[in-house]
Amino acid sequence: MERQSGQSNIYRVEVSGWDASEDFFVEQTVLEWNEDETKSVELRCLLREGCVVFLRLLQPSEEETNFPVPCQVVGIARTDTVGRSLVRLAQMHPGAPICGTARASVSSASRAA
């Protein structure tokens with residue numbers, strides 16, 4: 001069965017990481033994964049663009065192991081009337097450059113020295 005253009009998949013997830021105040025948080029929400037590979041969640045905690053969070057699928061099946069997947073915040077679109085922000089995410093991959101982080105700054109500084 002083919003998906004129609006513009007459709008998205010919805011998954012229950014647990015999001016964890018460090019918020020804008022550098023406090024650890026864990027929040028259950030819904031992940032919307034669009035056909036164009038964009039991922040977004042609505043969160044109550046405040047995050048900074050560029051920070052790393054971890055997504056874990058919440059599935060009723062115990063057959064599969066649900067390891068947390070690292071994602072980088074690539075955009076914070078809006079805050080609604082009850083304080084939730086729409087957060088756009090990009091999955092991180094081993095060895096890929098990390099944009100806007102101390103790691104990138106350190107490697108740039110070491111090349112300049």
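The values are calculated or read from the model by the stated rules, or taken from the named source; none is laboratory data. Treat the numbers as computed from the prediction; the structure is a model and nothing was measured. Cβ atoms come from the backbone with ideal geometry, glycine included; neighbour counts cover every protein chain shown.
Report yes if Val30 is more than 21 Å from Ser8 (Cβ to Cβ), aliphatic (A, V, I, L, M) and loosely packed, with under 14 Cβ neighbours inside 10 Å, otherwise no.
no
Among what's in the stretch 33-45 and is surrounded by 14 or more Cβ atoms within 10 Å (Cβ to Cβ) and either within 16 Å of Glu14 (Cβ to Cβ) or not polar (S, T, N, Q) (or both), pick the residue that is modelled with the lowest pLDDT.
Within the stretch 33-45, the match that is modelled with the lowest pLDDT is Trp33.
Sort through Val87, Val53, Val73, Val82 and tell me the only one that's modelled with pLDDT of 95 or more, out of contact with any Cys (no Cβ under 6 Å at 6 or more places or on another chain) and of a type outside the set (Lys, Arg).
Val87
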